[in-house]
1. Mind counting the residues in region 1-12 that are without any contact (Cβ under 8 Å) to a residue 12 or more places away in the chain and either surrounded by 12 or more Cβ atoms within 10 Å (Cβ to Cβ) or under 12 Å from the mean Cα position of the chain (by Cα) (or both)?
2. So is TYR24 part of a helix (DSSP H, G or I) and modelled with pLDDT under 90 or not?
Amino acid sequence: MELVGFIDQSLAGSLEAATALNPYGVEVRYPGDTPNMTFREAEDAVLLAALVREAIREHLQVR
């Protein structure tokens, strides 16, 4: 979010919750190192990722 903040502080602030996704981006990249999560946690992560994607697409004016 720090890099986003250099360009748009408002966008960075609105995406702050996305930092909760950081562990998933690292842990799932390596075979056998899948994170332990409940189905609900997985659902929440997917929903959060979709919200982040939509916010960025809106900022970039991509439809």
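The values are calculated or read from the model by the stated rules, or taken from the named source; none is laboratory data. Keep in mind it's a predicted model, so treat the numbers as computed, not measured. Reconstructed Cβ throughout: ideal geometry from the backbone, glycine too, with neighbour counts over all protein chains shown.
1. In the first step, residues of region 1-12 are kept if they are without any contact (Cβ under 8 Å) to a residue 12 or more places away in the chain; the result is 2-7, 9-10, 12.
Those left that are additionally either surrounded by 12 or more Cβ atoms within 10 Å (Cβ to Cβ) or under 12 Å from the mean Cα position of the chain (by Cα) (or both): 4-5, 12.
Count: 3.
2. Details: part of a helix (DSSP H, G or I): yes; modelled with pLDDT under 90: yes.
Yes.
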